[in-house]
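One structure below.
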Amino acid sequence: MGKAIEDYTLPESFAKIKEAINANPGPIEGMSTRYQFTITGAEEGIYQLNLQNGKAEVAEGEEIPADCTLIMSVDNFRQFLLGKLNGTVAFMSGKLKIKGDIGKAIKLEGILKQYNVQEHL
């Protein structure tokens with residue numbers, strides 16, 4: 001059995017996201033979007049998830065301007081990944097801040113729901 005999501009560092013979590021998406025690129029076919037995650041709290045960091053040409057790439061830092069930036073705590077990020085934190089509820093309650101294209105943020109939540117991230121942990 002794999003580790004619990006709380007046991008993964010942010011770099012490990014993003015590596016698992018990349019692995020899950022690249023193992024099944026169907027849901028991202030035709031997309032060309034760069035997401036940025038600004039994670040706050042006990043473990044902080046800035047990561048970019050680039051979905052392009054049916055492939056996911058992850059980079060640490062602000063390499064290229066993102067289409068959509070999601071700002072949340074590390075705990076909320078983990079709950080969001082597991083589908084236990086609804087993006088709309090998180091946004092309305094202040095647990096998630098979005099800069100850029102809100103439509104792309106909504107689309108990301110739908111995409112992540114198609115991947116069972118827990119299976120890849």
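The values are calculated or read from the model by the stated rules, or taken from the named source; none is laboratory data. The structure displayed is predicted, hence computed values, not measured ones. We place every Cβ from the backbone using ideal geometry, glycine too, and count neighbours over all the protein chains shown. Accessible surface is based on the protein model in full, side chains and every heavy atom, while ligands, DNA and RNA are left aside. Shrake-Rupley method; radii C 1.70, N 1.55, O 1.52, S 1.80 Å.
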- Please name all residue pairs, on different chains or six or more residues apart, with Cβ atoms under 6 Å, provided the first residue is in region 77-96 and is outside any helix (DSSP H, G or I) and the second residue is of a type outside the set (S, T, Y) and open to solvent by less than 20 Å² (accessible area, probe 1.4 Å). L96/M72; L96/A90
- Hey, any hits in region 54-73 for a residue that's modelled with pLDDT under 90 and open to solvent by 40 Å² or more (accessible area, probe 1.4 Å)? yes
- Item | region 13-52: number of residues that are part of a loop (DSSP other than H, G, I, E, B), over 21 Å from I102 (Cα atoms) and touching a helix residue (DSSP H, G or I) at 6+ places or on another chain (Cβ under 9 Å) | 4
- Which of the residues spanning region 27-44 are free of Cβ contacts under 8 Å to residues at least 60 places away in the same chain, out of contact with any Phe, Trp or Tyr (no Cβ under 8 Å at 6 or more places or on another chain) and not aliphatic (A, V, I, L, M)? E29, G30, S32, R34, T38, T40, G41, E43, E44
- Message: For region 38-53, give me each residue that is more than 14 Å from L112 (Cα to Cα) and surrounded by 20 or more Cβ atoms within 10 Å (Cβ to Cβ).
- Response: I39, Y47, Q48
- Item | Count - residues of region 1-27 that are under 13 Å from the mean Cα position of the chain (by Cα) and open to solvent by less than 60 Å² (accessible area, probe 1.4 Å) | 8
- Give the residue that is modelled with the lowest pLDDT, with candidates limited to residues of region 97-121 that are closer than 20 Å to K3 by Cα and open to solvent by less than 30 Å² (accessible area, probe 1.4 Å). L121
- What do you reckon, is K84 of a type in the set (K, R) and closer than 21 Å to R34 by Cβ? no
